[in-house]
Amino acid sequence: MTVPFHIRAMYATDFQRGFREVLGALSSVTLSDEAAMLVFRKRLRSRVLTFVAIADDRVVGTASLLIETKFIHNGGCVGHIEDVAVLPDLQGHGVGHALVQHLIEECRKARCYKVILDCDPTIIHWYETLGFRPWCQAMRLDLELSPPAPQSQP
Ligand SMILES: CC(C)(COP(=O)(O)OP(=O)(O)OC[C@H]1O[C@@H](n2cnc3c(N)ncnc32)[C@H](O)[C@@H]1OP(=O)(O)O)[C@@H](O)C(=O)NCCC(=O)NCCS
């Protein structure tokens, strides 16, 4: 069965099209509407590109991209893929592949010399079907955060 869908940049109104439920395939999203909107604006300002797959006017998948310009590699760009998720009911219909291919194409247009991402070992094979290969080793340090100071402006 094929599901007709298209991919576009995320709109603020996508919160009403089930965006948070889709991200739930990755991790729980507990943000209120208002908090989600603040995060949406902050991501736009920091140039995190969020894409969605839309089927029947509902969000069925999402993936994000950050393009980093480096001092090394002669000022070349690297694409960082983050938060790829597809609505569980629609997994296995090519939405995830199409989203990642869309991001790779964005990276090509931005003249990135490579595209990288971190993933769970269980997803390695899936990314290999998209042309990725295991490379390096991800590292992580968890930080304890104190509550943020009240701000007058978001
Ligand atoms: C991983 C994920 C994004 C794939 O999206 P999708 O739309 O289901 O993938 P596609 O339909 O494009 O690809 C389906 C193919 O990948 C395979 N596949 C799906 N998940 C897989 C996995 N974890 N490992 C290996 N293959 C997998 C399917 O069997 C299918 O193969 P087939 O075409 O031979 O039948 C989706 O399953 C998902 O949202 N998972 C939960 C969140 C997650 O783990 N995200 C990745 C973060 S790095």
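All of the numbers you see were taken from the coordinates with simple rules; none came from a lab. Treat the numbers as computed from the prediction; the structure is a model and nothing was measured. Positions of Cβ are backbone-derived with ideal geometry, glycine not excepted, and every protein chain shown enters the neighbour counts.
At-a-glance table
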{"quantity": "Single residue of region 89-129 satisfying the filter (surrounded by fewer than 17 Cβ atoms within 10 Å (Cβ to Cβ) and in contact with a helix residue (DSSP H, G or I) (Cβ under 9 Å, 6 or more places away or on another chain)) that is farthest from G18 (Cα to Cα)", "calculated": "Y113"}
{"quantity": "Hey, L44 in a loop (DSSP other than H, G, I, E, B), away from the ligand (no atom under 16 Å from the Cβ) and free of Cβ contacts under 8 Å to residues at least 12 places away in the same chain or not", "calculated": "no"}
{"quantity": "The one condition in (1) of a type in the set (A, V, I, L, M); (2) closer than 23 Å to D120 by Cα; (3) not in a strand (DSSP E or B) that V3 fails to fulfil", "calculated": "(2)"}
{"quantity": "Test set (1) touching a Pro at 6+ places or on another chain (Cβ under 7 Å); (2) among the hydrophobic types (A, V, I, L, M, F, W, C); (3) closer than 21 Å to G24 by Cβ - V52 fails condition number", "calculated": "(1)"}
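Quick grid of which residues meet (1) closer than 19 Å to V48 by Cβ; (2) outside any helix (DSSP H, G or I); (3) in contact with a Phe, Trp or Tyr (Cβ under 9 Å, 6 or more places away or on another chain); (4) within 8 Å of the ligand (Cβ to nearest atom):
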site: A85; (1), (2), (3), (4): yes, yes, no, yes
site: E106; (1), (2), (3), (4): yes, no, yes, no
site: V115; (1), (2), (3), (4): yes, yes, yes, no
site: I123; (1), (2), (3), (4): no, no, no, yes
site: Y127; (1), (2), (3), (4): no, no, no, yes
site: M139; (1), (2), (3), (4): no, yes, no, no
site: L143; (1), (2), (3), (4): no, yes, no, no
site: S146; (1), (2), (3), (4): no, yes, no, no
site: P150; (1), (2), (3), (4): no, yes, no, no
